[in-house]
Amino acid sequence: MNRTQYAVKFLEKLREVGKAKRVSIDFVLERDDFNLPSDDTRVRAINDLIDLGMVERKGKWYSC
């Protein structure tokens, strides 16, 4: 899974739950057998979503 694919899956899962920690969403994606990119790549993907205004971060929690 590359950075863009991860960002899309992260956003899909976040929209399902509304508010979550990154580790929770990563756990769900791993459970669903997605091959996650490196931690650094995941952080950059989420920061891209934040820069685009699609995701908000409040401490360790993310919402959309």
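This table checks each residue for (1) buried (at least 16 other Cβ atoms within 10 Å of the Cβ); (2) modelled with pLDDT of 95 or more; (3) of a type outside the set (Gly, Ala, Ser); (4) under 15 Å from Met1 (Cβ atoms).
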residue	(1), (2), (3), (4)
Glu16	no, no, yes, no
Asn35	no, no, yes, yes
Ile50	no, yes, yes, no
Gly59	no, no, no, no
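Output the number of residues of region 18-33 satisfying the condition of being surrounded by 10 or more Cβ atoms within 10 Å (Cβ to Cβ) and either among the hydroxyl-bearing types (Ser, Thr, Tyr) or closer than 19 Å to Asn2 by Cα (or both).
Just the residues of region 18-33 that are surrounded by 10 or more Cβ atoms within 10 Å (Cβ to Cβ), to begin with: 19-22, 24-30.
Keeping just the survivors that are either among the hydroxyl-bearing types (Ser, Thr, Tyr) or closer than 19 Å to Asn2 by Cα (or both) gives 22, 24-30.
So the count comes out to 8.
Would you mind telling me which numbered condition in (1) part of a helix (DSSP H, G or I); (2) without any contact (Cβ under 8 Å) to a residue 40 or more places away in the chain Asp48 fails?
Unmet condition: (2).
Anything in region 16-43 that is under 10 Å from the mean Cα position of the chain (by Cα) and assigned to a helix (DSSP H, G or I)? List them, or say none. Don't jump to the end; show me each part of the working.
Let us first name the residues in region 16-43 that are under 10 Å from the mean Cα position of the chain (by Cα), namely 20-26, 29, 42-43.
Within region 16-43, Arg22, Val23, Ser24, Ile25, Asp26, Leu29, Arg42, Val43 qualify.
The values are calculated or read from the model by the stated rules, or taken from the named source; none is laboratory data. Since we're looking at a predicted model, the values are computed, not measured. FYI the Cβ positions are ideal-geometry reconstructions off the backbone, even for glycines, and counts take in every protein chain you see.
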